Amino acid sequence: MEEYENHPTQKPVALLERIIKASSNKGDVVLDPFSGTFTTCFVAKELGRNSIGIELQEEYIKIGLRRLQLTEEFKGEKLQKEIRTFETEKLATAQNLTLFEPHGKYIHRKH
């Protein structure tokens, strides 16, 4: 699904919509002290709430900054959506690429 980012425990947008709608009103502040990829903040913004997201891991902070459209760069690095592992074969096929594992073994090859 397009909404998913590179995080092992990301919550579905539909679930967070239900929770935020049931527990807050437009203009309220939603706090997420373990933001991960900032899905809660993203949904809160879509629903007209303000949000505070707290995250320690820089790779997830970069995803959050991009998702919330707060900046296009972080420490000189252009922020863009990462290719998810299940998308690499589809992308390789579309671009006629050969992909390798770290030790040189083929993981996908277009004939």
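The values are calculated or read from the model by the stated rules, or taken from the named source; none is laboratory data. Source: prediction; values computed, not measured. Glycine also receives a Cβ, built like all others from the backbone with ideal geometry; neighbour counts cover every protein chain displayed.
Residues that are surrounded by 10 or more Cβ atoms within 10 Å (Cβ to Cβ), basic (Lys, Arg) and at pLDDT 70 or above within region 57-96 comprise Lys62, Arg66, Arg67, Lys81, listed in sequence order. Among the residues of region 37-64, just one is part of a helix (DSSP H, G or I), touching a Ser or Thr at 6+ places or on another chain (Cβ under 7 Å) and free of Cβ contacts under 8 Å to residues at least 24 places away in the same chain, namely Lys45. Working only within region 47-56, note down all residues that are crowded, with 20+ Cβ neighbours inside 10 Å and under 13 Å from Gly36 (Cα atoms). Passing the criteria: only Gly53. Taken over region 23-50, the criterion of being within 16 Å of Gln10 (Cβ to Cβ) and touching a strand residue (DSSP E or B) at 6+ places or on another chain (Cβ under 7 Å) is satisfied by Asp32, Ser35, Phe38, Thr40, Cys41, Ala44. Modelled with pLDDT under 85, over 18 Å from the mean Cα position of the chain (by Cα), surrounded by 13 or more Cβ atoms within 10 Å (Cβ to Cβ) and part of a helix (DSSP H, G or I): does that describe Leu99? Against the criterion (modelled with pLDDT under 85, over 18 Å from the mean Cα position of the chain (by Cα), surrounded by 13 or more Cβ atoms within 10 Å (Cβ to Cβ) and part of a helix (DSSP H, G or I)), Leu99 does not qualify. Can you find, within region 11-46, the residue that is farthest from Ile63 (Cα to Cα) among those that are surrounded by 17 or more Cβ atoms within 10 Å (Cβ to Cβ) and touching a Leu at 6+ places or on another chain (Cβ under 7 Å)? Per the criteria, the residue is Ile20.
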